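S.K.: Below is one structure. I have some questions about it.
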Amino acid sequence: MIEFFFATGNDHKIEEARAALAPHGIGVTKMEGFTKLEIQHPDLGEIASSALALIVSKTEKPVFVEDSGLFIHQLNGFPGPYSSYVFETLGLEGILKLLEDAKTRKAEFRSSVAFGVNGKWLANFSSATEGTIQSQPRGENGFGFDPIFVPMWTSKTFGEMELREKTIYSHRAKAISKLALWYLNESKIDPELKPKESIL
């Protein structure tokens, strides 16, 4: 079985990655003993790639980093790449207060995944999920802004969804699935995509 290493300290992200990669026959192991540096940049892809660069250079393992953010139209894309910090400082209620008189509550979650193996960065994959911000939090599942975000084509917030259902709509799951499909196809013809050291 193929095993990818996910450089993250967020166990919720690990669970989502496992759910997204399992149908492709790829397992996920949490990468231990790394220091993840997140630069300040408006582009999620640049943030993920910069973080990966410091990690992939020290291992032969197939490793990926994911960065994501909530982009709210009424707030000109805020909090975007600063979503984690804004959640810790303002929380759900802070964002809802900013939207009290909003003309639109449209928003999108975006995700960018950077992947490398054998000490080299190889590719980035991005995806987005459009939806709306609710006036009140709903649901106890997920993390971050999940309880106030309802993706298109459903009436549930991410916070109300079980993991299997969230994987259908998730920006993160879609980006990680793109990585899986690319890897499974390219690794058949490019031996450089297969790790040189044993990862068992």
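Each row is one residue, and each column tells you yes or no for (1) under 23 Å from GLN74 (Cα atoms); (2) among the hydroxyl-bearing types (Ser, Thr, Tyr); (3) over 20 Å from the mean Cα position of the chain (by Cα).
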| residue | (1), (2), (3) |
| --- | --- |
| GLY91 | yes, no, no |
| PHE115 | no, no, no |
| ASN118 | no, no, yes |
| PRO147 | yes, no, no |
| MET152 | yes, no, no |
| ILE189 | no, no, yes |
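S.K.: Can you name every residue in the stretch 72-108 that is more than 11 Å from ILE133 (Cα to Cα) and hydrophobic (A, V, I, L, M, F, W, C)?
M.R.: LEU75, PHE78, VAL86, PHE87, LEU90, LEU98, listed by residue number.
S.K.: Now for a separate question. Determine whether the stretch 85-99 contains at least one residue that is outside any helix (DSSP H, G or I), crowded, with 20+ Cβ neighbours inside 10 Å and touching a strand residue (DSSP E or B) at 6+ places or on another chain (Cβ under 8 Å).
M.R.: No; the residues of the stretch 85-99 include none that is outside any helix (DSSP H, G or I), crowded, with 20+ Cβ neighbours inside 10 Å and touching a strand residue (DSSP E or B) at 6+ places or on another chain (Cβ under 8 Å).
S.K.: Here's another thing I want to ask about it. May I ask you to verify whether LEU179 is surrounded by fewer than 19 Cβ atoms within 10 Å (Cβ to Cβ) and under 18 Å from ILE14 (Cβ atoms)?
M.R.: The answer is no for LEU179.
S.K.: A further question follows. Scan the stretch 8-40 for residues that are surrounded by 14 or more Cβ atoms within 10 Å (Cβ to Cβ), in a loop (DSSP other than H, G, I, E, B) and under 17 Å from the mean Cα position of the chain (by Cα) and jot them down.
M.R.: THR8, ASN10, MET31, LYS36, GLU38
S.K.: I'd like the full set of residues that are within 23 Å of ILE14 (Cα to Cα) and either at pLDDT below 95 or aromatic (Phe, Trp, Tyr) (or both), limited to the stretch 89-109.
M.R.: Correct list: PHE109 only.
S.K.: Consider only pairs whose beta carbons are under 6 Å apart and that are at least six residues apart or on different chains; among these, list those whose first residue lies in the stretch 75-92 and is farther than 22 Å from ALA51 by Cα and whose second residue is in a loop (DSSP other than H, G, I, E, B).
M.R.: So the pair list comes out as LEU92/PRO137.
S.K.: Let me confirm something: among ALA128, ALA114, ALA123, ALA173, which residue is in contact (Cβ under 8 Å) with a residue 40 or more places away in the chain and buried (at least 23 other Cβ atoms within 10 Å of the Cβ)?
M.R.: Among ALA128, ALA114, ALA123, ALA173, only ALA114 is in contact (Cβ under 8 Å) with a residue 40 or more places away in the chain and buried (at least 23 other Cβ atoms within 10 Å of the Cβ).
The values are calculated or read from the model by the stated rules, or taken from the named source; none is laboratory data. These numbers come from a predicted model, not from an experiment. When we count neighbours, we look across all protein chains shown, and the Cβ atoms used for this are built from the backbone with ideal geometry, even at glycine.
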